[in-house]
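The values are calculated or read from the model by the stated rules, or taken from the named source; none is laboratory data. The shown structure was predicted, so the numbers you read here are calculated from the model rather than taken from an experiment. Neighbour counts are summed over all protein chains in view; Cβ atoms, including those assigned to glycine, are modelled from backbone coordinates with ideal geometry. Side chains included, ligands, DNA and RNA excluded: accessible areas come from the protein's heavy atoms. Shrake-Rupley method; radii C 1.70, N 1.55, O 1.52, S 1.80 Å.
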Amino acid sequence: MTFGFASSAATSTSGSASRLARMLQPSEWTAAGIPLLRNPREVVSGLHTRHRPTPSTAVVAVLDPEERLAASASFARRSAPADGWEFRNALLAHLRRVIPHDLRRRAPVRTAVLLYCRDGDERWTEEDGAWMWGLRDACTLHGLRCGAYITLTRGGWQVFGEGRGGRRPNSTSVPGDLAETLASEPYELRTAGGSPEVLRRTAAR
């Protein structure tokens, strides 16, 4: 009986250590050279309007070289310990549903960004670190550049590693009218809903 208990405890400790290894510290994220968004407010506002995220909702989006939205999907985070491996699998599954991979290209041309709506304040958490790890790994497996990780809380939004953010939108604000946030050039956008739909580029506010 004693041996069985010790083995269980060791397994639990090993599992916790593995989860901690599958997360990125803010310094590691900054050192990774994540490309800067030209207009983060535009990206955040557009995703907030389209997906209307509530706490524990992740929105993964793929941007083309001109930073136009090519595809996006949102899903609720499972109530389990934060694990970058689980987050990676969830992100990869949704990316595969909405956009073909770019693995045949010599270098990635499209960039994936992640907006995560959560409770708490803007300070980094282990959950954020797990999402960062998951996003980076999912991008590698799908042939994409790893882009910004953005949190949306009651206090507003912020792009980790860039020092940029704003008070609106936030996790409690009412999403704007999509028609009012679209620019004049239409393009094809694929969402997790299925068939392509023609939408216009999100305009800066």
* Distance from the Cα centre of region 104-143 to that of region 34-76, in angstrom? -> 11 Å
* Asked: In Å, what is the Rg of the alpha-carbon atoms in region 60-129, and how long is Dmax?
  -> 13.7, 40
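Assuming R0 = 25 Å, can you tell me the calculated FRET efficiency for the pair residue 36 and residue 126, based on Cβ-Cβ distance, to the nearest 0.05?
On the way: r = 25 Å, r/R0 = 0.99.
E between residue 36 and residue 126, to the nearest 0.05, is 0.50.
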* Using a 1.4 Å probe and ignoring any ligands, DNA or RNA, find the accessible area of residue 63 and quote it in Å² to the nearest 10. => 10 Å²
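Over all pairs of distinct alpha carbons, what does the Kirkwood formula give as the hydrodynamic radius of region 89-181, in Å?
So the Kirkwood estimate lands at 14.5 Å.
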